[in-house]
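One structure is given here, and the rest of the page talks about it.
The values are calculated or read from the model by the stated rules, or taken from the named source; none is laboratory data. Keep in mind that what you see is a predicted model, and the values were worked out from it rather than measured. We place every Cβ from the backbone using ideal geometry, glycine too, and count neighbours over all the protein chains shown.
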Amino acid sequence: MKLSKKKLRSLILKEVREQTLTDYQRDPYIFGKVNNPYDEIELYTKQQMREADPAKGTGKKPKGSGRRLYTDENPKDTVSVKFRTASDIRKTLSKKSFKSKSHQRQSQIINLIHQRVRAAYKNAKDPDTKKRLKKSLEYAEKRKEASKRKTKRMRKK
């Protein structure tokens, strides 16, 4: 979408006026307190990114996303995950912190475990490690399939 400079400037000014701050606090570049080193398009995108930032978390935020990567925006929702052996996965999936989550969240956690075990298995060099991870992977796949079946059952209702 291509905007003319006049249209873009009016959009920026309209958005800035809707805020409750003084003009200078809203954007010192637009209101002349500071020489404007940016053109209007850069100002508009910077303002949009500032507004889209999540309240918590630090780290990289993909363009157009309200979420950040590599951070825990809701630490109360955390489940510590172990996937070294099949019994570690069983213990993780039988924790109270896991079982108290919604089915959707449980499915996400099961998928995460499956992906990590699959990557670890693929990259393992030692035959003993590979054997242990193969058992873990088989168990993770079994749980993932069970979760898929439950999802289908829930959607039928």
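Tabulated values for the structure
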| quantity | calculated |
| --- | --- |
| Where a residue in segment 99-112 is outside any helix (DSSP H, G or I) and its partner, wherever it lies, is among the hydrophobic types (A, V, I, L, M, F, W, C), with Cβ under 9 Å and at least six apart | LYS101/VAL79; LYS101/ILE109 |
| Residue match in segment 127-144 (condition: assigned by TED's automatic domain parsing to the domain that holds ALA86, assigned to a loop (DSSP other than H, G, I, E, B) and without any contact (Cβ under 8 Å) to a residue 40 or more places away in the chain) | no |
| Conditions (1) at pLDDT below 65; (2) more than 17 Å from the chain's Cα centre (by Cα); number of the one not met by VAL117 | (1) |
